[in-house]
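What follows is a single structure, written as structure tokens, with notes after it.
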Amino acid sequence: MKSSLFIPQKQALTPFNNLQTLVENRSSFNLPNFELNLFETHQKSEKVSLIFDTLTVTAMIRGKKIMQCFENIDSSKIKNAKTAFDYLPGESVIVPANEEMIIDFPEANEQNPAQCLAIAIDNEKIKSTLETLNNQFPKLESPQNKNGNWTLENPNYHLKNNLEIKNVIDRITHISLGKSEVKNMLADLALQELLIRIMQTQARNLIFKEYKKYSSENRFAFVIEYVETHLEEQITVEKLSKLACMSESNFYKAFKREFGITPVEYVLEQRISLAKKLLPNMKLSITDVCYKAGFNSLSYFSVLFKKYAKQSPSEFRKSIFGE
């Protein structure tokens with residue numbers, strides 16, 4: 001089963017006769033702290049170069065790119081450095097300033113154009129946002145930054161969108177294309193949220209996926225390791241907060257601030273993920289899967305599974321085998 005895709009809303013394509021170019025036709029919308037660019041490509045192309053002079057958040061909307069970038073970054077820190085990778089709808093790539101992107105469009109044509117957006121963000125805005133966060137909402141610690149500061153210098157540049165990132169990108173696009181008298185203020189708030197959501201998502205990718213690497217030096221990684229190895233057992237915020245050597249209240253707030261989700265939401269997501277891995281095993285009943293995933297109520301498990309997977313456990317199992 002494919003995971004849920006959070007794809008920004010498709011934007012109206014430029015009438016074909018009005019296109020300035022068939023490759024990366026560009027529409028730009030300038031606001032005080034960022035520039036929104038909408039690109040569309042209507043023919044197969046290779047080795048198209050694109051560079052922005054500020055950090056840029058890009059998001060695929062339709063079609064497919066094969067992208068190569070991060071040439072100027074230490075390749076030991078970036079998985080996709082100097083390596084071409086597929087770039088698809090539902091994904092975002094955070095591109096540092098002055099980083100050349102080399103792009104192929106293997107499938108683009110008039111009937112199936114590629115479309116993406118790029119939000120080029122003013123350097124001073126990034127700096128002021130980070131200063132505000134570090135002064136008012138300091139991180140406890142970070143494997144990438146021993147001072148625990150918020151930063152966009154993170155090895156996780158290629159991201160799968162979550163609902164929050166998709167929604168804020170849609171909001172920025174709507175505001176940028178609109179004519180509200182207060183659009184600059186609305187855009188500024190949405191831009192700050194985008195930066196925070198990206199950093200939270202990067203932190204989740206780093207700690208949640210590489211917790212073993214950091215469990216001896218990062219309290220959250222240590223907590224994640226415990227959760228991953230005790231999903232069949234009862235897990236409480238009280239227990240997790242003790243592992244983190246924090247009060248329940250401070251742990252709960254810090255976890256939400258660092259990663260954008262609560263510890264309870266994280267545990268539930270992992271239980272559902274485990275259930276998905278167990279359901280293809282026909283030797284296990286739905287009830288068996290329920291308990292092995294750490295739920296103690298079949299009805300509660302079924303409700304939560306449908307909430308997260310958009311299918312009941314039995315429907316999910318049937319879909320795996322094409323029934």
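A compact table of results
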{"read-out": "Per-region count, the range 250-292, residues more than 24 Å from E238 (Cβ to Cβ) and β-branched (V, I, T)", "value": "3"}
{"read-out": "Given (1) at pLDDT 90 or above; (2) within 18 Å of T129 (Cβ to Cβ), number of the condition A203 does not satisfy", "value": "(1)"}
{"read-out": "The one condition in (1) modelled with pLDDT under 95; (2) aromatic (F, W, Y); (3) under 24 Å from Q68 (Cα atoms) that F105 fails to fulfil", "value": "(1)"}
{"read-out": "Conditions (1) assigned by TED's automatic domain parsing to the domain that holds I165; (2) within 14 Å of K139 (Cβ to Cβ); number of the one not met by F255", "value": "(1)"}
{"read-out": "Conditions (1) at pLDDT 95 or above; (2) touching an Asp or Glu at 6+ places or on another chain (Cβ under 8 Å): number failed by A84", "value": "(1)"}
{"read-out": "Selection within the range 290-305 - within 23 Å of N162 (Cα to Cα) and loosely packed, with under 15 Cβ neighbours inside 10 Å", "value": "V303"}
{"read-out": "Any hit, the range 133-145, residues being surrounded by fewer than 21 Cβ atoms within 10 Å (Cβ to Cβ), closer than 21 Å to I7 by Cα, assigned by TED's automatic domain parsing to the domain that holds S28 and in contact (Cβ under 8 Å) with a residue 60 or more places away in the chain", "value": "no"}
{"read-out": "Qualifying residue in the range 304-314 (condition: charged (D, E, K, R) and modelled with pLDDT of 95 or more)", "value": "no"}
{"read-out": "Residue in the range 239-256 that is in contact with a helix residue (DSSP H, G or I) (Cβ under 8 Å, 6 or more places away or on another chain), of a type in the set (D, E, K, R), surrounded by fewer than 14 Cβ atoms within 10 Å (Cβ to Cβ) and part of a helix (DSSP H, G or I) present", "value": "no"}
{"read-out": "Some residue of the range 41-56 being within 23 Å of L163 (Cα to Cα), in contact (Cβ under 8 Å) with a residue 60 or more places away in the chain and under 24 Å from the mean Cα position of the chain (by Cα)", "value": "yes"}
{"read-out": "The listed residue being outside any helix (DSSP H, G or I) and either in contact with a Leu (Cβ under 7 Å, 6 or more places away or on another chain) or closer than 22 Å to K209 by Cα (or both), out of G294, G322", "value": "G294"}
{"read-out": "M282 over 30 Å from Q136 (Cβ atoms) and assigned to a loop (DSSP other than H, G, I, E, B)", "value": "yes"}
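The values are calculated or read from the model by the stated rules, or taken from the named source; none is laboratory data. Note that the structure is predicted; figures quoted are calculated from it, not measured. No Cβ is skipped: glycine too gets one built from the backbone with ideal geometry, and neighbour counts run over all protein chains shown.
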